[in-house]
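A.B. asks: Sharing a structure with you now.
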Amino acid sequence: MKGVPVSVIVPVLDRKNLIGRCLDSVKAQTYRPINLYVVDNGSADGTVAAVEKWISANREPALNASMLMEPKRGVSAARNRGVSVSDDSHIFFMDSDDVMRPELLEAAMNEFRSAPDTDVVYWRCLRHSLSGSARMSRFSHNNVLRRHFFNALLTTVCYAVRRDFLEKCGGWDESLSGWVDWELGVRLLLNGAKTRGIDTPLVDVYAQRESITGTDFYSRAGVWERSLEAVAEDVRKLACNVQKNRMLGMTAYRQAVLAAHYRKEGHREAGALLLEKTLRDYAVLKHRKAFLRMIYLYTAAGGRGAYKLWK
């Protein structure tokens, strides 16, 4: 399918053996034209040479691939670098170890075309674990802000955005290094993003032992809390009065769940301290405090899906 040019931005760091699979999936798209920007963020394993070789071997008129360098470390800086050189009206972000299904760009651009005032189109992904199992990401057409708070609907590889709207909202926050897509998604939605959803998996996400998010929470304690604080600040600045207390309560919920993960991973004291900090800093109402303590113990014991109880 031929339409307006779109940008696909792929940050990469030391993914020599995986980046080719990702780039092949961009080339396999049924949509054209595509401007593909691969942004290296300091690779030392031969990734740059591998990407340059791929670009040289896969040139075609409607697939314009470029290699960019971003010396400032951090995936947000790399993504912002890609956005800064793009002239296209619509932007897709991809992670270097994941795979687009061939119909992704075409399906998303059909949604933008059918409703020209749309700011964000989002879709499902299929998550493949290290053990080989797979599960579908959550999805909803309704109350997208609430569902993003709890289920991260606008995870990096699961949405496309109008470039002018992304820039209006401030782009990726380079001061954060965890849950950066969740924070940006909250900010986009609080800025009034008009959304359309596709209830179909259009990306395959593959867990890696060495990844930005890692395989546990406590090893990056402090990183997650800074992103939660940033979201709380977004809410205080951008949410209307009707939304504000509810959104801050949902942020407190997420921090209580994080505390529960610390406890579940064997860091009982750290979990307890973070829970008490949550109850204090978010000025949680008395009945909410009891609920958050219950959620904390339930999640620490291995329970899932507690967000369904949040009213």
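The values are calculated or read from the model by the stated rules, or taken from the named source; none is laboratory data. The model shown is predicted, which means the values in this text are computed figures rather than measured ones. Ideal geometry is used to build each Cβ from the backbone, glycine not excepted, and the neighbour counts take in all protein chains shown. All accessible areas refer to the heavy atoms of the entire protein, side chains included, with ligands and DNA or RNA removed. Shrake-Rupley method; radii C 1.70, N 1.55, O 1.52, S 1.80 Å.
A.B. asks: With all protein chains present, calculate the accessible area of residue 40 using a 1.4 Å probe and round the result to the nearest 10 Å².
C.D. replies: 10
A.B. asks: Give me, ordered by chain and number, the residues 5 or more places off residue 200 or on other chains with an amide H under 5 Å from its own placed amide H.
C.D. replies: Distant-sequence amide H within range of residue 200: 124.
A.B. asks: Still on this structure: Counting only protein heavy atoms and using a 1.4 Å probe, what share of the accessible area of the chain belongs to carbon plus sulfur, as a whole percent?
C.D. replies: The C+S portion of the solvent-accessible surface of the chain is 51 percent.
A.B. asks: Another question, then. Accessible area per residue for the stretch 129-212 in Å², computed with a 1.4 Å probe and the full protein assembly in place, what is it?
C.D. replies: Ligands and nucleic acids excluded, the result is 43 Å² per residue.
A.B. asks: Kindly work out what percent of the DSSP beta bridges joining two residues of the chain are antiparallel, to the nearest 5.
C.D. replies: 30
A.B. asks: Can you tell me the 0 to 90 degree angle between the C-alpha axis of helix 180-190 and the longest principal axis of the chain, rounded to 10?
C.D. replies: 80
A.B. asks: Going by average Cβ neighbours within 10 Å, how do the peptides 148-158, 188-198 rank, with the highest at the top?
C.D. replies: 148-158, 188-198
A.B. asks: How would 265, 167 line up by accessible area, probe 1.4 Å, largest first?
C.D. replies: Largest to smallest exposure gives the sequence 167, 265.
A.B. asks: Let me ask you something else. Could you sort out which of 2/194; 194/308; 168/308; 264/289 sit more than 31 Å apart by Cα distance in this structure?
C.D. replies: Those over the limit are 168/308.
A.B. asks: Out of the stretch 80-141, which chymotrypsin sites (Phe, Trp or Tyr not before Pro) are coil in DSSP terms and have no more than 15 other C-beta atoms within 10 Å?
C.D. replies: Those that pass, being in a loop and sparsely packed, number zero.
A.B. asks: Might you work out the accessible area of residue 141 for me, using a 1.4 Å probe with all protein chains in place, and round it to the nearest 10 Å²?
C.D. replies: Spelled out: residue 141, probe radius 1.4 Å, area about 110 Å².
A.B. asks: Among DSSP bridges having both ends in the stretch 123-258, what percentage is antiparallel? Round to the nearest 5.
C.D. replies: 35
A.B. asks: Here's something else I'd like to know. Using θ = phi - 60° and the Karplus relation 6.51 cos²θ - 1.76 cosθ + 1.60, list the HN-Hα couplings for the stretch 137-147 in order, rounded to whole Hz, with x at every Gly or Pro.
C.D. replies: Per-residue couplings from phi come out as 5, 6, 7, 7, 8, 10, 6, 4, 5, 4, 5 Hz.
A.B. asks: How far is helix 104-114 tilted, in degrees, relative to the longest principal axis of the Cα atoms in the chain, given as a value from 0 to 90 rounded to the nearest 10?
C.D. replies: Rounded to the nearest ten degrees, it is 80.
A.B. asks: What number do you get for the stretch 136-187 when its Cα radius of gyration is normalised by 2.2 N^0.38 Å, N = residues?
C.D. replies: Working it through for the stretch 136-187, the quotient is 1.13.
A.B. asks: How much accessible surface area, in Å² rounded to 10, belongs to the heavy atoms of residue 1 with a 1.4 Å probe?
C.D. replies: 70
A.B. asks: Report, largest value first, the span of the C-alpha coordinates of the chain along each principal axis, in whole Å.
C.D. replies: Principal-axis extents of the Cα atoms in the chain, largest first: 63, 42, 34 Å.
A.B. asks: Moving to a separate point now. Antiparallel versus total DSSP beta bridges in the stretch 1-157: what percent is that, nearest 5?
C.D. replies: Here the antiparallel bridges make up roughly 20 percent for the stretch 1-157.
A.B. asks: If I fit a long axis through the Cα atoms of helix 268-281 and take the longest principal axis of the Cα atoms of the chain, what angle between them do I get, 0 to 90°, rounded to 10?
C.D. replies: 80
A.B. asks: Here's a follow-up. Any number yet on Rg/Rh for the stretch 182-289, C-alpha, Kirkwood?
C.D. replies: Radius of gyration over Kirkwood radius for the stretch 182-289 works out to 1.02.
A.B. asks: For the chain, what does the helix formula give at 222 nm: sum of -39500 (n - 2.57) over DSSP H segments with n ≥ 4, over the residue count, nearest 500 deg cm²/dmol?
C.D. replies: Computed mean residue ellipticity for the chain: -13500 deg cm²/dmol.
A.B. asks: Counting Lys +1, Arg +1, Asp -1, Glu -1, what net charge surrounds residue 183 among other residues with beta carbon under 9 Å of its beta carbon?
C.D. replies: Combined, the nearby Lys, Arg, Asp and Glu give -2.
A.B. asks: Follow-up. What order do 238, 126, 166 take when sorted by accessible area (1.4 Å probe), most exposed first?
C.D. replies: Sorted descending by solvent-accessible area, the residues read 238, 126, 166.
A.B. asks: At residue 269 and residue 174, where each label point lies 7 Å from the Cα along Cα→Cβ, what is the point-to-point distance in nanometres?
C.D. replies: 3.8
A.B. asks: Kindly report the accessible area of the stretch 1-96 per residue (heavy atoms of protein chains, probe 1.4 Å, no ligands, DNA or RNA), in Å².
C.D. replies: 41
A.B. asks: Which distance in nm do the two modelled labels at residue 140 and residue 298 give, with both placed 7 Å along the Cα-to-Cβ direction?
C.D. replies: 1.5
A.B. asks: Something else: Would you mind giving the average projected area, over all directions, of the Cα convex hull of the stretch 2-88 in nm² with one decimal?
C.D. replies: Mean projected area for the stretch 2-88: 5.2 nm², to one decimal.
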